[in-house]
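Working notes, structure below.
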Amino acid sequence: MSSSNSSTDAPAGPSVSVVVIAYNDAGLVGEAVSSALAQGPVVAEVIAVDDASSDGTPEVLEALAAAHPRVKVLRRTENSGGCGTPRNDGIAAAASPYVLFLDSDDVLPPGAAEALVRAAEEHRAPVTVGACVRRELPEGRDVPWMPGLHTPGEVIEHPADRPELVRDTLCVNKLYARSFLEKHAIRFPDGRFVYEDFVFTARVLAAAPRIAVVGDLVYVWHVRRRAAQVSISLDRGDVSNWRSRVEAHAAASRTLAAASPELGRACQAKFLDYDLRMYLREIGADPAYRAAWWTLTRDYVAGFAEADIEAAPARARWTARVLLAAPEPPADLERLTRLAAEPPRLVPPYATAADGAPVWSRELPVPLDGLADLPVAELPVTVDAEPAAGHTVRLRVRDLYGRLDGAGPRTAELRFVPRAGGEPVLVRPAALRPAADGDGWSAESPFRLAALAAVGRRRGLRGMQAWDVRVEVRCADGSSLLTSLRPLGGLLRRRALPSSRYGVLLAQPYRTAAGALALRLAPGAGGALTFVRNRLDRARTRRSR
């Protein structure tokens, strides 16, 4: 590995080394390095590690180093195959008291390093964590990472006191004292080890550092799902990605369990409630992939202690036990993917055991333990939607083993949530009445798509508009739940609607990968062209994978 070094003026106070790793990312790495330099004098050096790129990345980095004395470039002569080795190279080269990690296609928001260092010094914390968002590109929609997990201003003396911290597996939204990493010999797995941050974070938590929490946004994680070459974590073309995630989780779990039974158990529960559900709802339709995924996952979960499964939330327990009960993907696998969705939905039919207790199905009588204890807001209720007369939809709220009947459903209110971000558009609540066939409750609600498009336009949405559809069910006892809709009948038919403002509105209701109703609205000719271009882009993306 070769390096180019530049002298730098030391900052007055505690300083940070920002380690930026890059591989064949000439078009984006400059923005990442610039965001680190823009942190100001608290960043004493930006160590850019090029993992033997074959494009123009080395030249971009050398130009930055020539222009900015704080930039140091490390060039690996052989590609490592992963992210761990170049990060380890950066740690070894760092000279500052603190270290931050940054990937070449992400950015640090202004003030991130200063906020983290200030908290680290104030609380003498070897690890400091801040907020992170996943920014979906090109839409620019920000999705908070693990919202509610950390409380701004909190100081956590012992990670074992907060086992749920194992859910935050990112290494990039945290500042580390370099002396802490050296004292405990904490490094990333080397070589082609996918999800290396799982293991690194487990090693950090196992060393039991004091952790300080800041409320500032400290990391912007760019998610480019339509990129020609997606990131390692998004490359799910075959089961090898899931196998890598399972192996990384297993390594992290062993590390945490050896340090703390509480952390180890929380890590197992996190796998069932987060990793397993995320991949399950994206399992796709390929029979070969489904079979390989099912066998791999079932074999792994079979090694979990019963206490680990018991520690998981109810729907995660049900999923794990269905998985263990079925040697191969069951006929109602799609039903399991709907339960894994967010929000979760347990779609009919609903089976019971001989004693009347709820079970998964007649074929797989797995007990749905804990269902009776779930609050109404957490019930995986299914609400169906189908076309009705005029500009309305007929809603059917399905009861769930009698759980809703006791709460007394009264109204259903549609909410259209803009995917680009912003407040939902609410439709007046519709009164729910017992369904004619006795199966749940029904109502008819306005579904005026031209009016919705006009609202979107007034809010600044241009071209094609994308909306998620939610429904809030309010009950007589004061409880409520918010869920998505299951589209039935001809609701998914594409239609061209007359519009006094746009002339024509192209409306495409569609079913998401999670089986929920969503909308694309293309007002006017320009919006329709955007709609067509997006369809072609999605088709090309599917073919490339």
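The values are calculated or read from the model by the stated rules, or taken from the named source; none is laboratory data. Because the structure is predicted, anything quoted here is derived from the model rather than measured. Positions of Cβ are backbone-derived with ideal geometry, glycine not excepted, and every protein chain shown enters the neighbour counts. The accessibility values were calculated without ligands, DNA or RNA, using every heavy atom of the protein model including side chains. Shrake-Rupley method; radii C 1.70, N 1.55, O 1.52, S 1.80 Å.
Details
- Any chance Arg345 is on the phi < 0 side of the Ramachandran plot, modelled with pLDDT of 95 or more and in contact with a helix residue (DSSP H, G or I) (Cβ under 6 Å, 6 or more places away or on another chain): yes
- The condition of being within 27 Å of Pro349 (Cβ to Cβ) and open to solvent by 20 Å² or more (accessible area, probe 1.4 Å) holds for Pro434.
- Number of residues in the range 264-308 that are crowded, with 16+ Cβ neighbours inside 10 Å, farther than 17 Å from Ser240 by Cα and among the small types (Gly, Ala, Ser): the value is 3.
- Summed over the range 319-375, residues that are of a type outside the set (A, V, I, L, M, F, W, C), part of a helix (DSSP H, G or I) and open to solvent by 40 Å² or more (accessible area, probe 1.4 Å) total 3.
- Search result, residues across the range 429-446 that are part of a strand (DSSP E or B) and at positive phi: none
Per-residue answers, yes or no, for (1) loosely packed, with under 14 Cβ neighbours inside 10 Å; (2) part of a loop (DSSP other than H, G, I, E, B); (3) of a type in the set (Gly, Ala, Ser); (4) at negative phi:
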| position | (1), (2), (3), (4) |
| --- | --- |
| Ala377 | yes, no, yes, yes |
| Val381 | no, yes, no, yes |
| Glu386 | no, no, no, yes |
| Ala389 | yes, yes, yes, yes |
| Val393 | no, no, no, yes |
| Arg396 | no, no, no, yes |
| Asp399 | no, yes, no, yes |
| Leu404 | no, no, no, yes |
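- Residue that is nearest to the chain's Cα centre (by Cα) [pool: residues in the range 495-514 that are modelled with pLDDT of 90 or more and either crowded, with 19+ Cβ neighbours inside 10 Å or closer than 16 Å to Val393 by Cβ (or both)]: Arg511
- Number of the exception - Ser260 against (1) within 20 Å of Pro163 (Cα to Cα); (2) open to solvent by 40 Å² or more (accessible area, probe 1.4 Å); (3) among the hydroxyl-bearing types (Ser, Thr, Tyr): (2)
- Subset of the range 452-464 (residues that are part of a loop (DSSP other than H, G, I, E, B), surrounded by 15 or more Cβ atoms within 10 Å (Cβ to Cβ) and either at pLDDT 90 or above or charged (D, E, K, R) (or both)): none
- Flag if Arg167 is among the basic types (Lys, Arg), out of contact with any Lys or Arg (no Cβ under 7 Å at 6 or more places or on another chain) and at pLDDT 95 or above: no
- Candidates are the residues of the range 64-98 that are crowded, with 22+ Cβ neighbours inside 10 Å and touching a Gly at 6+ places or on another chain (Cβ under 8 Å); the one that is farthest from Ile47 (Cα to Cα) is Gly82.
- Within the range 199-238, the set of residues being at pLDDT 95 or above, of a type in the set (A, V, I, L, M) and assigned to a loop (DSSP other than H, G, I, E, B) comprises Ala207, Ala208.
- The residues on offer are Leu485, Leu426, Leu449, and the sole one that is at negative phi, open to solvent by 60 Å² or more (accessible area, probe 1.4 Å), modelled with pLDDT of 90 or more and among the hydrophobic types (A, V, I, L, M, F, W, C) is Leu426.
- A count restricted to the range 195-223 and to residues that are at positive phi and surrounded by fewer than 24 Cβ atoms within 10 Å (Cβ to Cβ) stands at 1.
- Considering (1) of a type outside the set (Lys, Arg); (2) open to solvent by 30 Å² or more (accessible area, probe 1.4 Å); (3) touching a residue at least 40 places away in the same chain (Cβ under 8 Å), the lone condition that Trp441 does not fulfil carries the number (2).
- Within the range 297-308, residues that are under 17 Å from Arg265 (Cβ atoms) have Cβ atoms under 6 Å from residues that are surrounded by 12 or more Cβ atoms within 10 Å (Cβ to Cβ) and of a type in the set (A, V, I, L, M, F, W, C) in these pairs: Tyr300/Val246; Val301/Ala320; Val301/Leu323, counting only partners at least 6 apart in sequence or on another chain.
- Residue satisfying all of: in the range 119-166; over 20 Å from the mean Cα position of the chain (by Cα) and free of Cβ contacts under 8 Å to residues at least 24 places away in the same chain; surrounded by the most Cβ atoms within 10 Å (Cβ to Cβ) among these: Arg162
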